[in-house]
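So the structure is just underneath, and the comments pick up after that.
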Amino acid sequence: MMFQTLKKPLGINKMSFIQIFSVITLALIVYTVLLLKSENSIIFHPSPYPEGDWDTSQFGLMPEEVNFEAEDGTQLHGWYFPKAEAHATLLWFHGNAGNISHRLDNIQKWQRLNINIFIFDYRGYGKSKGTPDETGIYLDSQAAYDYLIQKKEIDPRQLILFGRSLGGICAAKIARTHPSAGLILESTFTSAKDMAKEIFPILPIGWALRSQLNAKENVAQLTLPKLFLHGTDDEIVPYALGQELYSAAKEPKDFYSIKGAGHNDTYIVGGETYLQRLDRFIHQTTAPLKKD
């Protein structure tokens, strides 16, 4: 009799555990589904025009306004900063937030280098039309590259691809399929799957993501010179992911740690040494072409 009275509460406790576990599991599934449905809004944080500060003159900058078109007809916008007697041209792929107007202070510092700079907004950012997604930003990146090669007649041997954070994904993809002198990846992660593990460590949602954003796969195939930069205190893309991306790359390659820098202040914390390191890489990879 005593055995029977003890058995009943154990059964109830077991049932309660199953019910609680089921509720938690269901909640996690629903949460994951909602996350996946809003995937693009989690990845991309565009600031459409007129958000930002579009007065370039306050930084002493006078860019050329560039309007061009992606393969699917999406209208895009960018700025071209020419430099007299430029040694090379830099194609700038910016990160997942803001727009090109938020990079003016950074561009001002880069103007000390003897290079032309072309920075553009992906669809949905700044004055560019459309809505961003992985396929779309690749089309936009392709269009930006084509603009420089076809309209500005830039020799690929004098072209440096520079990608910061998410922009590094685009830069690496373009580098894999199109010629250029060198690739610079700053604060770039390995893949969307790896970043999902960092952001949602409890939820294994990486397998279900539609967006791959796989820089690791692309850099592993590249034989052109590569420079990787990463802040040691990056609060968004872990420093370890930057090192992993570098490890996956073939030679020639180099890794520059920016001690004490976070995700968005690399060019500030890095200071003069940062600029010198970039300048050296650009000059080493884009030696002046011999004239016929």
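The values are calculated or read from the model by the stated rules, or taken from the named source; none is laboratory data. Since this is a predicted model, take the numbers as computed values, not measurements. Here the Cβ positions follow ideal geometry from the backbone for every residue, glycine too, while neighbour counts run over all protein chains shown.
Below are the figures for this structure:
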read-out	value
Selection count, segment 138-147, where residues are buried (at least 20 other Cβ atoms within 10 Å of the Cβ) and free of Cβ contacts under 8 Å to residues at least 60 places away in the same chain	2
Breaking point among (1) closer than 27 Å to Q158 by Cβ; (2) in contact with a strand residue (DSSP E or B) (Cβ under 8 Å, 6 or more places away or on another chain); (3) in a helix (DSSP H, G or I), for F255	(3)
Tally, over segment 225-279, of residues that are over 16 Å from G167 (Cα atoms) and among the aliphatic types (A, V, I, L, M)	9
Qualifying positions in segment 55-77 - surrounded by 14 or more Cβ atoms within 10 Å (Cβ to Cβ) and part of a loop (DSSP other than H, G, I, E, B)	L61, P63, A70, T74
Verdict on F162 being part of a loop (DSSP other than H, G, I, E, B), among the aromatic types (F, W, Y) and at pLDDT 95 or above	no
Yes/no for D155 being surrounded by 20 or more Cβ atoms within 10 Å (Cβ to Cβ), among the acidic types (D, E) and either more than 18 Å from G168 (Cα to Cα) or in contact (Cβ under 8 Å) with a residue 24 or more places away in the chain (or both)	no
Qualifying positions in segment 78-105 - in a strand (DSSP E or B), hydrophobic (A, V, I, L, M, F, W, C) and within 25 Å of Q158 (Cα to Cα)	W79, F81, A88, L90, L91, W92, F93
Unique match (being under 25 Å from K83 (Cα atoms), in a helix (DSSP H, G or I) and either at pLDDT below 95 or of a type in the set (V, I, T) (or both)) among I149, I137, I117, I154	I149
